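Have a look at the structure below, then the notes.
The values are calculated or read from the model by the stated rules, or taken from the named source; none is laboratory data. Every value quoted in this text rests on a predicted model; they were computed, and no experiment measured them. Don't worry about glycine lacking a Cβ; one is built from the backbone with ideal geometry, like all the others, and counts go over all protein chains shown. Areas reflect the complete protein model, heavy atoms only, side chains present, ligands, DNA and RNA absent. Shrake-Rupley method; radii C 1.70, N 1.55, O 1.52, S 1.80 Å.
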Amino acid sequence: MWISLVLGLVGTQLIVSAGEIPVPASSTTPLLTNAQQVLVLSLEAARQTFMPVRLQGLVTYPDAAEHIVYVQDFSAGIRVVYTNADYQPASGQMVVVEGTAAGGMFAPFIDCASVRIIGSGAIPEPCEAPAARMVAGEFFGQWVQVEGVVRDVAKDSEGALLFVSSGGLRFHAVIQPFPGMALPVDWLDARVALRGVCWTEVDAENKPTGFTLYVPGTNYLFVLRPGERDIFSQPALSMTRHPELRRQSDARVKVAGTVAFHSPSGYVYLAGEDSAVRARLLVPLARGKPQARYMERPPVTQLRPGERIELVGAPTASTFAPLLQDAEFRRIGDSPPPAPTPVSTGEVFEGKFDGRLVSLKARLFASETRQAGVLKHQVLVLQTGDTIFEALWEFAGTNALPVPPRNSYLRAAGICALQLGELNQIRSFRLLLRGPADLSLLGRPPWWEPLPAGKILTAILALAGVAFVWIWLLRRQVSQRTAELQAEIGERQRAQTELHHALAAERELSELRTRFVSMVSHEFRTPLGVILSAAENLDSYFERLKPEQRRSQLDNVIQATRQMAKVMENVLFIGRAEAGKLEFKPVALDLASFCTSLVGQVQSSTENKCPIRFQAGPLPAANGDESLLRHILTNLLTNAVKYSKNGAAIDFNLGRHDGEAVFRVQDHGIGIAAADQKQLFTAFHRGRNAGQVPGTGLGLVIVKRCVEVHRGQITYESAEGIGSTFTVTLPLFSGS
Ligand code: ADP
């Protein structure tokens, strides 16, 4: 089965979970009733606490050999390891699952489950999942849809294995069941949509590295654009400044040109008139199973400089020489091998020689050999003028280059590979050597180099006297030049710091935008759904509904609209705060009765979910801004209730320390993970354990701004699974 070939990880997860002994929970442990409730548990909590789960959902992907099914309910998808031997899993079964929550290596799952079939149904609409987010570790176990172009296919009697490119990121898809042995050749290079369950691949440290999609049959593969029978039939694009070659695409395009170099690590460099194209050759699926069928492809043999080829490959986003990936080629003729263009380092740093065959005069500074996977890299460090650069010879086995003595003058020829910095600026460059002929010796090192150190010392002492006079004459000149250089260095450092600041600001802005979009899509989608469904009910059944049923639909609309208005209000408030437009209008206040009334309002708006125990010591009259205080305390109290279990008490204390009022809100709720605490006051950031609790990630930012306007301070202590205490200190009694 492809599963065992690609995966090999399920078993490991089972061993981990089987080794744990769950601690019996207190009698208050609630029954978990949907997949999302299991997924939001921390791995630690899921491993150490006994939490029963009972849910109903549809089987999306069965893996009978491993006793695993993926089940999708209304809230999410979840991996289920079942133990009842009589259960025959199949995709589309409506099942009831009873088991316990357990912590896998990457996400919580349901273990020791008994699965009962209660009917069948259609698998719900999948979640559109961009490959980049699945590569980053999201959507584990979820029923998703992803689009891409098929690069390679393999088939055995039970299923098919696909190698797919989506937005330039590559993944495997296992399609099972798919009986028969016919290789679906017409899928090759086709644009397809695939529906399946996402399995996150991880490295030794459990960091996500990619994903595999498990597709429960060919019904879930949709061909959006058929493949090409002959990938070379399309017209070739011109290699000179063709924008399509620099724009990322999964569809492969064709170019034709003369080979300048074919490297052992699978890169081909094509030389045009005054242009170049780089291509990384396709690495087809490994032919690991003797009984399986694979795509027939002619063997890739080493290309010689001068061979003319047609090459198809998928463009990636590139600034200088285009880079095509997953490339295949065919030979169309021969021409004289391209000759290197002599260049200066200045011309290289202008960028137009990236990927082209060039030559430079330089002095050999040092050389070393490094291991790079199965290949070795022999690196020559060369110097020309003020520029230091590397020439690289890639080889396998013992095929090292004969290296000339240190300090020799050389002419080095090779492919120019620009090394880019974070902002795509040219940092340095390398020459990729193609063989010993690319290095020609122009001069030997000076005669005194091979002499023993003692003789050199004597010669140096003799010269020292002469040098002393000379040095004295030069000294003034040197100190003048040093001052100039220092000024120049200072200037450069300043420019670099400014660049770093600009970059950090840009990054911060982009992260803010991402968090904002994710919050809006989450917080608006649910109330919009409620409004739409209530409006549709009223529209379709208005006459048949009883007055109280109409009332209830209208109440839903009002409630959802208020929720959206609240989100908008918070966003606008933050806008005003960031623009420095928050007003501070202090008035005389009786703090204790102000807080008592606020507690009542929070209790009623949270439908008395948790009792709030308010205590205040004796206090003098205070002076503060009522509206800002209301924002501070309502947000802290509402958070304490939101992130606590039903009925858990919240302690709200008000005291005095010199001229300052001290407000303390303590809960025994889910607490805040250490990793989230750093970003607690960052707009739109929500804790990873916040799960389905509604929220915008704005409340605490508002609190912080209001506290700052008050010239106060906010501190907190929190531990995940234990609870949180927020303390706000405000100078409200300074007049007394
Ligand atoms: P919101 O609650 O709307 O998400 P906040 O800015 O009020 O936004 O809080 C930011 C995040 O901090 C929350 O998403 C939650 O993860 C965490 N948080 C805040 N208060 C508490 C609390 N009392 N207990 C647990 N987590 C909390």
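Given a 1.4 angstrom probe, what's the average accessible area per residue across the stretch 347-477, in square angstrom?
61
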Probe 1.4 Å, all protein chains present, accessible-area order of HIS501, HIS262, largest first: HIS501, HIS262
Values of log10 I(q)/I(0), in the order q = 0.10, 0.15, 0.19 Å⁻¹, for the stretch 261-373 under a Debye, Cα-only, solvent-free model: -0.41, -0.83, -1.16
So what's the convex hull volume per residue for the Cα atoms of the stretch 540-606, in Å³? 146
For the chain, just the Cα atoms, rotate onto the principal axes and tell me the three extents in Å, largest first. 97, 82, 52
For the pair THR301/LYS585, report the inter-label distance in nm, with labels modelled 7 Å from Cα in the Cβ direction. 8.8
More than 22 angstrom separation, counting every C-alpha pair in the stretch 23-132; what % is that? 29
Rg in Å to one decimal, and Dmax rounded to a whole Å, for the stretch 56-212 via C-alpha atoms: 15.9, 44
For the stretch 694-723, which trypsin sites (Lys or Arg not before Pro) are in a loop by DSSP, counting at most 13 other Cβ atoms within 10 Å? ARG711
Per residue, accessible area of the stretch 93-194 with a 1.4 Å probe, heavy atoms of protein chains only, in Å², comes to 33
For the stretch 481-610, just say rounded, prolate or oblate: build the C-alpha gyration tensor, square-root its eigenvalues into a ≥ b ≥ c, call rounded for a/c under 1.5, and beyond that prolate if a/b exceeds b/c, oblate if not. oblate
Selection of GluC sites (Glu not before Pro), the stretch 201-281, meeting DSSP coil and at most 16 other Cβ within 10 Å: GLU205, GLU228, GLU273
Using a basic spin-label model with each label point 7 Å from the Cα along Cα→Cβ, how many nm lie between GLN145 and ILE332? 3.9
Quote the FRET efficiency, to the nearest 0.05, computed for GLN88 versus ARG293 with a Förster distance R0 of 35 Å and r equal to the Cβ-Cβ distance. 0.75
Based only on the alpha carbon positions, what is the Kirkwood hydrodynamic radius of the stretch 601-723, in angstrom? 15.3
Would you mind telling me the share, in percent, of accessible area of the chain contributed by carbon and sulfur at probe 1.4 angstrom? 56
Rg over Rh [alpha-carbon atoms, Kirkwood Rh] for the stretch 465-558: 1.77
Accessible area per residue of the stretch 248-337 at 1.4 Å probe, in Å²? 45
Could you give me the radius of gyration and the Dmax of the stretch 178-330, taking only the C-alpha atoms into account and expressing both in angstrom? 17.8, 52
Using 0.36 nm per residue, how much length does the chain from ALA483 to SER428 gain when fully extended, once their Cα-Cα distance is taken away? 17.1 nm
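Two decimals, Cα atoms only, Kirkwood Rh: what is Rg/Rh over the stretch 314-405?
Working: Rg = 16.2 Å, Rh = 16.1 Å.
Reported Rg/Rh (Cα atoms, Kirkwood Rh): 1.00.
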Viscosity 0.692 mPa s, temperature 37 °C: what is the translational diffusion coefficient of the stretch 555-653 from Stokes-Einstein with a Kirkwood Rh over Cα pairs, rounded to a whole number of µm²/s? 214
Segment THR514-THR596, length gained on full extension (0.36 nm per residue, minus Cα span): 25.6 nm
Using θ = phi - 60° and the Karplus relation 6.51 cos²θ - 1.76 cosθ + 1.60, list the HN-Hα couplings for the stretch 674-684 in order, rounded to whole Hz, with x at every Gly or Pro. 3, 5, 7, 4, 4, 10, 4, 9, 9, 4, 6
13 Å beta-carbon shell around ARG686, net charge (K/R +1, D/E -1): +1
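By per-residue mean of other Cβ atoms within 10 Å, what is the highest-first order of 568-574, 630-636?
630-636, 568-574
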